[in-house]
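Here is the structure we will look at, set down as structure tokens.
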Amino acid sequence: MNLIAEIKSDDGKVVGVLALPPKAFKTGSRGYYANTKIEIDGKRYQTQIQLVEIGSKPAETPAEG
């Protein structure tokens, strides 16, 4: 499942839309992530959205010594 995020101004105008595909993060956690550039009032911004499922990181196994 993909998620769609809309970034809106305080008057409700959509200034950016991001599709967030599922992502397996380097830490082992799961969630959704996207980044893009959007323009607001003639200025460009780099935008990132990250959703991490709480408790999705696998439990660490103790190191053998």
Within region 12-44, take every residue that is part of a strand (DSSP E or B) and basic (Lys, Arg) and give me the one that is farthest from PRO58 (Cα to Cα). LYS43
Result of the Cβ filter at 6 Å on region 1-21, keeping first residues that are in contact (Cβ under 8 Å) with a residue 12 or more places away in the chain and farther than 13 Å from ASN35 by Cα and partners that are of a type in the set (Gly, Ala, Ser) and in a loop (DSSP other than H, G, I, E, B), at least 6 apart or interchain, is VAL15/SER9
Does THR47 satisfy the criteria of being out of contact with any helix residue (DSSP H, G or I) (no Cβ under 6 Å at 6 or more places or on another chain) and either outside any strand (DSSP E or B) or of a type in the set (Lys, Arg) (or both)? no
Could you say which residue among GLY42, GLY55, GLY28 is surrounded by 10 or more Cβ atoms within 10 Å (Cβ to Cβ) and on the phi > 0 side of the Ramachandran plot? GLY28
So for region 57-64 (the condition being within 15 Å of the chain's Cα centre (by Cα), outside any strand (DSSP E or B), among the aliphatic types (A, V, I, L, M) and modelled with pLDDT under 95), does at least one residue qualify? no
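The values are calculated or read from the model by the stated rules, or taken from the named source; none is laboratory data. Remember, predicted model here, so these are calculated numbers, not experimental data. When we count neighbours, we look across all protein chains shown, and the Cβ atoms used for this are built from the backbone with ideal geometry, even at glycine.
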